[in-house]
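Written out below as structure tokens is the structure these notes cover.
Read the figures in this text as sums done on the coordinates, not as results from a lab. Since the structure is predicted, the reported quantities are computational estimates derived from the model, not experimental observations. Don't worry about glycine lacking a Cβ; one is built from the backbone with ideal geometry, like all the others, and counts go over all protein chains shown.
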Amino acid sequence: MKRFPALFLSLVIAAALVSCGPFDADMSEFYEPEETSAPEAEETTDEEEELPGRYDGRQTCSKTISNEEKPELVRVSFSGFCEDNIRRHAKVTDQYGKNVLHSGVVGLVGSPIELTYDSVDEPEIGFFYDAEELRGVPEKNLIMLHYSEDDQFYNTVENAVLDTEKCVVSARVSEPGVYLLADAYQWYSCWGMDVSKYKYDADKSAYATDWERECDTGSIMELADKQWAKDNAPDFRVSTPEQLASVVYYVNGLNTDGSKVSVTLEDDIDLTGYDWEPMGWYNGGTHNFSGTVDGQGHTVNGMKIECGYQNCGFIGYGLDVAMHDISFTNADVSGTACTGIAGGEIYFTTVWTNVHTQGKVSGGGDDYGAIIGREASITFRDCSADVTVDGKPFEYLSYRQKRIDEVEVVETFTLTRNADGTITRDEHDGFRNLGWHVELDGAQILERSAVDPRTGEPELTLETQYQWLKGSEGKHTIYLVAYINGAYIRVSNIIEYEGTGN
């Protein structure tokens, strides 16, 4: 049995859901019990209660699945031996969009299904699929996975059987839980396993992408040139709204592993009148934008994004993003959370230089900013903003800057730099996510946990190898941070020194 850890996710996917009800006797799509009969009740005396009818043989019932966002799965069947009507003892629920863990499984085919049952012997589940909705995934690649709540990992259901004539994957199951179909090529490759026997070639642009199924694409698909997107990926040089829309299509629809992309503006771009959408979105982390945006001094004007969800901005959800030499004018961006003009939610240490924004943001909650809504460690250099949030002037480039400014710094910890270059700290309790913060010439280069991940014990010494990551001369700034009221706040004195990094 192959075992895999769960793909833990931190944010709720904003996706519509059509859910399935329980197996119940009044649902017309259920099959009548097969190979079974209920005998007449035996004759009773006044002293005896009437004996209930008894079902003999295996019973089967099924439930139609109707989910426009994941239409590959069309029906789920359940069978087993039960002394009562089996439809009173089983329940199926479509978990897509309800549970971010199962909705974000790499290579997911159709909806994940939660199966609950009791008083059923030799239970079996069947996933009926629509072969025309597989979008190029070979039927032979379909595998069934089961999630263990106790151990928090996915199992490959090894006894699953594929019937391509009936378009069903079925298996005898040993316990209730979440079951789903996945593409073996995508699923196994994400764990570094040999997938040579599952590899296939498919033109992703020939099918509706996950993004087109699950999100509002605005004007993007009206403007995008799919062939241009494929021909120019992953290094795009953009001069027109049509080309920029093609980049958004590529990132959101075709770049399913979130690999690096570069976008270079060759001219000013006017988006006035278009219903624009963020580049990079969150559905388990596989469609993020990662890479570089180089404006070359050009301007994006009139960008209007109206999101009924979070992660809204020119870049919606990004990992390891660098942006420089670009301006946004007359921008109008609204979202439910994590909302900014240049970026919605962006993680990992990087430097943004010469980025300027002008316009308005409707935050809809926390994590809004004039340039980026939510970020954890970005350094802004020579950046500026003239932006209102919910109609009021907003002076912070990101929400983190706002929280840092609002929370009082208390230097609880004392840091000491030693003769050998190491830095030591004292101990204090009651701090959440305590970490070392290291900057080089004003740009963060490291944020490292101050707790040893191997032992769980406090890390009281920061070795020089973690201070001189860049291996270059410059001003080093080091202090401790802790997570307080929604942001990482300094909780120690500051150590500064000029170092060579050798």
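Using Cβ point charges alone (K and R +1, D and E -1), the dipole size of the chain about the Cα centre works out to roughly 2220 debye. Divide the volume of the convex hull around the Cα atoms of the chain by the residue count and you get 209 Å³ per residue.
Per residue, the Cα convex hull of the range 261-382 amounts to 88 Å³. Projecting the Cα atoms of Asn311, Ser290, Ile378 onto the dipole axis of the range 212-406, where Lys and Arg carry +1 and Asp and Glu carry -1 at the beta carbon, places Ile378 farthest toward the positive end. If R0 is 41 Å, what FRET efficiency do you get for Ser205 and Ser174 from their C-beta distance, rounded to 0.05? In this case the efficiency is close to 0.50. A straight Cα-to-Cα reach below 15 Å connects Lys360 with the aspartates and glutamates Glu306, Asp332, Asp386, Asp390, Glu395, residues fewer than 8 places away in its own chain not being considered. Relative intensity of the range 194-262 on a log10 scale, I(q)/I(0) at q = 0.11, 0.13, 0.18, 0.19 Å⁻¹, equals -0.28, -0.38, -0.69, -0.75, per a Debye sum over C-alpha point scatterers of equal strength in the absence of solvent. Descending by average beta-carbon neighbour count within 10 Å, the peptides 263-274, 86-97, 394-405 line up as 86-97, 394-405, 263-274, the highest first.
Too long at a 32 Å Cα-Cα cut-off: which of Lys197/Lys226; Lys70/Lys226; Lys70/Lys392; Lys91/Lys199; Lys402/Lys475?
Long pairs (Cα-Cα over 32 Å): Lys70/Lys392; Lys91/Lys199.
Charge tally for Glu345 (other residues, Cβ to Cβ under 10 Å; Lys, Arg +1; Asp, Glu -1): -1. Listed peptides 106-118, 214-226 appear in the order 106-118, 214-226 once ranked by packing, highest mean of other Cβ atoms within 10 Å at the front. Counting only Cα atoms, the range 307-450 measures 54, 32, 24 Å along its principal axes, largest extent leading.
Per the Debye formula on identical point scatterers at the alpha carbon atoms of the range 415-499, with no solvent, log10 I(q)/I(0) at q = 0.21 Å⁻¹ is -1.01. Residue ranges 477-487, 338-348 sort as 338-348, 477-487 when ordered by packing (mean number of other C-beta atoms within 10 Å per residue, highest first).
Sequentially through the range 382-397, phi angles give Karplus couplings (6.51, -1.76, 1.60; θ = phi - 60°) of 6, 10, 8, 8, 10, 9, 9, 10, 6, x, 10, x, 10, 8, 9, 6 Hz, Gly and Pro residues having no value and appearing as x. Taking 0.36 nm per residue of separation and subtracting the Cα-Cα distance, full extension of the segment from Val410 to Gln227 would add 60.3 nm. On a per residue basis, the convex hull of the C-alpha atoms belonging to the range 67-191 measures out at 110 Å³. In order along the range 194-211, the phi-based Karplus estimate (6.51 cos²θ - 1.76 cosθ + 1.60, θ = phi - 60°) of 3J(HN,Hα) comes to 5, 10, 4, 6, 9, 5, 8, 9, 8, 7, 4, 6, 7, 10, 5, 7, 4, 4 Hz; Gly and Pro are listed as x.
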